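> My questions all concern the structure below.
The values are calculated or read from the model by the stated rules, or taken from the named source; none is laboratory data. Just so we're clear, the structure is a prediction, and the values are computed from it rather than from any experiment. As a convention, Cβ positions derive from the backbone with ideal geometry for all residues, glycine included, and neighbour counts pool all protein chains shown.
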Amino acid sequence: MNYEAIARQIFQLTGPATNIKTITHCMTRLRLGLEKTPLDIEEHLKNIDGVLGVNQTEEELQIILGPGRVDNVTDEFSKLVHTAAAAPAAAEGKKTRIGDGKELHAQIRAKNATPIKLFFRRIASIFVPLIPAFIACGLISGLLNVVAKADPSTSTAAWFHLLAVAGNVIFWGMNLFIGFNAAKEFGGTPILGGILGGLITHPGLAEITLNNTQLVPGRGGVISVLLIAALGALIEKRLQRIIPEMFCLFLTPLFTFLLAGTIAILFLQPFGGFLSDLIGQTVTTAINTGGAITGFLLGGLWLPLVMLGLHQAFTPIHVDLLARYGVTILLPILAMAGAGQVGASFAVYLKTKNKHLKQTVASALPVGIMGIGEPLIYGVTFPLGRPFIGACIGGAFGGAVQASFGIGSATLGISGLPLAAGTDHIALYLLGLIAAYAAGFAATWLLGFDDPAED
């Protein structure tokens, strides 16, 4: 794959350098903030070999490239932009413009830019940098469970215990990382957020009693850390306005830590503990009591929630469940939505006569099976309409199977077939996966779709 060529073609469509405000990327997408976005840029980007799909929001243009490829293309794209910015005249001669206008997809998703959805997006961005750690540690823990079930005697070996420690590392330092990221996201000094997260996690709290109440290290989990880091950032910004500049370097961090730390220990940590208990009990009770019905509803509604931008609200819930129970029983259920898409897209592949659509499905199916669902959502099921409904039906049936058996995942950030290695019962997870494939395929085959004409 020629990453430089992909980056150059993207730059020709999005440039010049002055038009590009921000360049970031997540695990699968190159995310660009543009001054102006050509009306028909989406179709031109999709024609670039190596681009799996395109998604536009009011804030950014998201170019779906897939894991690994996105890192390399982003590096090459950043080099091109920086070089062009240093030589604007040369860059102006090389750029290719398609035409100005409002973002086409932003018109469809304009309602997503509500304050509550933007808040969820901000909260999710705190946890996204932690996903690689959850993947690494979760897969280690999941595979150790498989080994221990296959041969219980291995659980006494030194290497087994060492790997068990490695699989638990993310939880050992998680509150520090979340506090660091949260303070940064809320406009505070990241390291102050980190030490505030460390304060409420410190094991020494167990030796302290206040008002006849023994303190509990880590009480409230990630919910408490988010509250405390946000408070710390608020206090810090207020102190910066009133403390003289000559003393700001010394007094601002001191007073921020003391004030936020005191409020955290006395009020926010107990309140965060209450919220964490409430969330954990609600989720587990709903799934354990509702069983297949709850799983059916969650699995079936997940794709619409993703399209509406509400899925980001579930990220801290997953993390809190992992911290409390060692597994999240939500993730295997919600992962079935992607499996339903695989089944639905395979039905489209067999029924369509459109060569371009067939090629799109063929290129997106492998990554869909591996848990990367964006190419199938935006390139196949959602544009066709009824296959999207078929995918939701597939997710519903798969979610019912996962909830019936109470399958838990020790990892976060992966889906599809790879998630099997991180679950506490691989065979039953795979059974749910197959059910989602089959139901998504059958529903889409029966619902049908309007086969687009050849260009």
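> Read through the list (1) modelled with pLDDT under 90; (2) within 25 Å of the chain's Cα centre (by Cα), then give the number of the only condition that GLU454 fails.
For GLU454, the failing item is (2).
> I need every pair where a residue in the stretch 68-82 that is at positive phi has its Cβ under 7 Å from the Cβ of a residue that is part of a helix (DSSP H, G or I) and not charged (D, E, K, R), sequence separation at least 6 or different chains.
Listed by first residue and then by second, the contacts come to nothing, as the list is empty.
Yes/no matrix, rows are residues, columns are (1) over 16 Å from VAL401 (Cα atoms); (2) under 19 Å from the mean Cα position of the chain (by Cα); (3) outside the structural domain of GLY422 (by TED's automatic domain parsing):
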site	(1), (2), (3)
LEU301	no, yes, no
PRO304	yes, yes, no
LEU308	yes, yes, no
HIS311	yes, yes, no
THR315	yes, yes, no
VAL319	yes, yes, no
LEU322	yes, yes, no
TYR325	yes, no, no
ILE329	no, yes, no
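> Can you name the number of the only condition in (1) crowded, with 16+ Cβ neighbours inside 10 Å; (2) closer than 25 Å to HIS25 by Cβ; (3) free of Cβ contacts under 8 Å to residues at least 60 places away in the same chain that PRO129 fails?
Every listed condition holds for PRO129 apart from (1).
> Just to verify a result, which residue in the stretch 350-363, among those that are at pLDDT 85 or above and crowded, with 17+ Cβ neighbours inside 10 Å, is nearest to the chain's Cα centre (by Cα)?
Only one residue fits best here, namely VAL361.
> Kindly indicate which of PRO452, PRO366 is in the same structural domain as ASN354 (by TED's automatic domain parsing) and surrounded by fewer than 18 Cβ atoms within 10 Å (Cβ to Cβ). Walk me through it before giving the result.
Numbers: PRO452 fails: in the same structural domain as ASN354 (by TED's automatic domain parsing).
Residue meeting the stated conditions: PRO366.
> With respect to the numbered conditions (1) modelled with pLDDT of 90 or more; (2) in contact with a strand residue (DSSP E or B) (Cβ under 8 Å, 6 or more places away or on another chain); (3) farther than 19 Å from LEU431 by Cβ, which one is the sole condition not fulfilled by LEU322?
Looking at each condition in turn, LEU322 falls short on (1).
> Would you say GLY272 is over 30 Å from GLN56 (Cβ atoms) and more than 22 Å from the chain's Cα centre (by Cα)?
yes
> Quick one: what pairs do we get from the stretch 433-453, first residue within 15 Å of TRP302 (Cβ to Cβ), second in a loop (DSSP other than H, G, I, E, B), C-beta under 8 Å, 6+ apart or different chains?
LEU433/GLY416
> How many residues does the stretch 244-264 hold that are modelled with pLDDT under 85 and in contact with a helix residue (DSSP H, G or I) (Cβ under 8 Å, 6 or more places away or on another chain)?
1
> Given PRO190, PRO217, which one is more than 24 Å from TYR325 (Cα to Cα) and of a type outside the set (S, T, N, Q)?
Going through PRO190, PRO217 in turn, the sole match is PRO190.
> Right, next: Which of the following residues is outside the structural domain of ASP49 (by TED's automatic domain parsing), crowded, with 24+ Cβ neighbours inside 10 Å and over 25 Å from the mean Cα position of the chain (by Cα): ALA347, ALA391? Walk me through how you get there before you give the answer.
Numbers: ALA391 fails: over 25 Å from the mean Cα position of the chain (by Cα).
From the options ALA347, ALA391, the qualifying one is ALA347.
> Identify the residue in the stretch 64-80 that is closer than 20 Å to PRO366 by Cα and of a type in the set (Gly, Ala, Ser) and, among all such residues, is modelled with the lowest pLDDT.
By that ranking, first place goes to GLY68.
> Here is a further query. State the number of residues belonging to the stretch 148-191 that are exposed (fewer than 13 other Cβ atoms within 10 Å of the Cβ), farther than 21 Å from PHE119 by Cα and among the small types (Gly, Ala, Ser).
4
> Hey, another quick one. If we scan the stretch 409-419, do we find a residue that is farther than 22 Å from GLY66 by Cβ and of a type outside the set (S, T, N, Q)?
yes
> Then there is this: So which strands (runs of 3 or more DSSP E) stay within the stretch 16-81 end to end and still have 1 or more residues that are under 12 Å from TYR3 (Cβ atoms)?
The qualifying strands (runs of 3 or more DSSP E) are 29-34.
> Being assigned to a helix (DSSP H, G or I) and without any contact (Cβ under 8 Å) to a residue 24 or more places away in the chain is the filter here; which residues of the stretch 212-242 pass it?
Answer for the stretch 212-242, where residues must be assigned to a helix (DSSP H, G or I) and without any contact (Cβ under 8 Å) to a residue 24 or more places away in the chain: ARG238, LEU239, GLN240, ARG241, ILE242.
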